[in-house]
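Let me begin by presenting the structure, written as structure tokens, before commenting on it.
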């Protein structure tokens, strides 16, 4: 969430950012917040005045008693003050709760260099790597290919669990595991510390990473439990820092995590969107960093480069997209996506996202760091190293052979123990 002091003192910054995001409905929320905050501050002053009055009367009572006088009038006044203060405090707390709801609904402030745009069609391509392969045969759909080779069973998974789930078998299961292990090794080599986090979080904890109102159709809720399945290890890693006080000398804190992830949405349709491409359950290696504000954008760029090198090592063509203002999620101040080349689809598709949430998540979970004697709010940066499902589809398409077999990228062969799937 945003800093209330920034909103009070510089509301024009918030207004400008909201307008750039093309979210006019948020302006009404900002207006309501500012009105509520004025009322909150007015009550705060009234409470402070009454407490001062209470102290003054108490002192007067003591003085009168010392003078052997009866402070009946003053005692009567003093007895009335606690109720008046309590009533105002109750009203102030109600307004504070309403202000917090508004704060959770306001989006983060955009970085000044985020390209302006209305939606995903206005995202900017800033880099392209690798030559897209040409084939002298028709590529097979990955789902049909895998089922024909008995390396996946999508139909049984639809019966046992529903659309968006699958059974991975033999060499395909090994390929999934090999990408996970390679992703973790790649992160460790780049200075990240491995964490195995919970994959279920309570409402307060998952709500610190995402706005549940916006994601109610995305996250899975455990029936009759205060628990939600995570959509990303980012959710658990953000919650890990709740109410902690760090030291600047320990920043940046670079963590990585390997978890299954769960998301309700399926999205696109068509023969190439079924199978592994869009799933309710998938495995992902996540990079996450807590950083000093002055370092966070450099760290964002560094984390983005790490993931680019990862896909370069797999020899999968890709491009890098900067997300425009109108397509950027509320928590992010700036974001880059990597889109891998999918030759059968003849298109680039998203495989990773790297974003800087600045102090937006950190402020909500009340994490601070000492910079000398001063306490400050750090920034939080996250980036997907690799989601195995879409990466496997990219391999199945880019490495497909005429006979229907699939070669394994060289860097994965020591993990798989075989050179091709056939």
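Read the figures in this text as sums done on the coordinates, not as results from a lab. Just so we're clear, the structure is a prediction, and the values are computed from it rather than from any experiment. Backbone-built Cβ (ideal geometry, glycine too); neighbour counts: all protein chains shown.
Observations, loosely collected:
- Taking other Cβ atoms within 10 Å as a rough exposure proxy, 405, 97, 178 sort from fewest to most as 97, 405, 178.
- Within the range 118-265, the proportion of Cα pairs with more than 21 Å between them is 66 percent.
- Mean residue ellipticity at 222 nm, helices only, the chain: -13500 deg cm²/dmol; runs of at least 4 DSSP H residues each add -39,500 (n - 2.57), and the sum is divided by the number of residues.
- C-alpha long axis of helix 72-105 to longest principal axis of the chain, angle in °: 20 degrees
- Segment residue 292-residue 113, extension gain: residue separation times 0.36 nm, minus the distance between their alpha carbons: 62.5 nm
- Calculated FRET value between residue 56 and residue 23, using beta carbons and R₀ = 51 Å, to 0.05: 0.55
- Residue order, fewest to most beta carbons within 10 Å, for 15, 351: 15, 351
- In the chain, the longest principal axis of the Cα atoms and the axis of helix 170-189 are about 50 degrees apart.
- Equivalent-ellipsoid semi-axes of the range 120-421, from the Cα gyration tensor, Å, largest first: 34, 22, 18
- Gain on full stretching of the segment that runs from residue 244 to residue 346 - 0.36 nm per residue minus C-alpha separation: 32.0 nm
- Full extension of the chain segment joining residue 35 with residue 212 gains 61.3 nm, where the gain is 0.36 nm per residue of separation less the Cα-Cα distance.
- With the simple spin-label model, which puts each label point 7 Å out from Cα in the Cβ direction, the residue 194 to residue 5 separation comes to 4.2 nm.
- Highest mean first, the peptides 169-177, 120-128, 372-380 sorted by other C-beta atoms within 10 Å per residue fall in the order 169-177, 372-380, 120-128.
- Packing here is the average count of other Cβ atoms within 10 Å per residue, and on that basis the peptides 76-86, 253-263, highest first, run 253-263, 76-86.
- Distance in nm between pseudo-label sites at residue 375 and residue 418 (7 Å out along the Cβ direction from Cα): 5.7 nm
- Going from the residue with the fewest nearby Cβ atoms within 10 Å to the one with the most, 388, 160 rank 160, 388.
- Taking every C-alpha pair closer than 8 Å and separated by at least 6 residues, the mean separation divided by the residue count of the chain gives a relative contact order of 20 percent.
- Principal-axis analysis of the Cα atoms of the chain puts helix 388-398 at an angle of about 30° to the longest axis.
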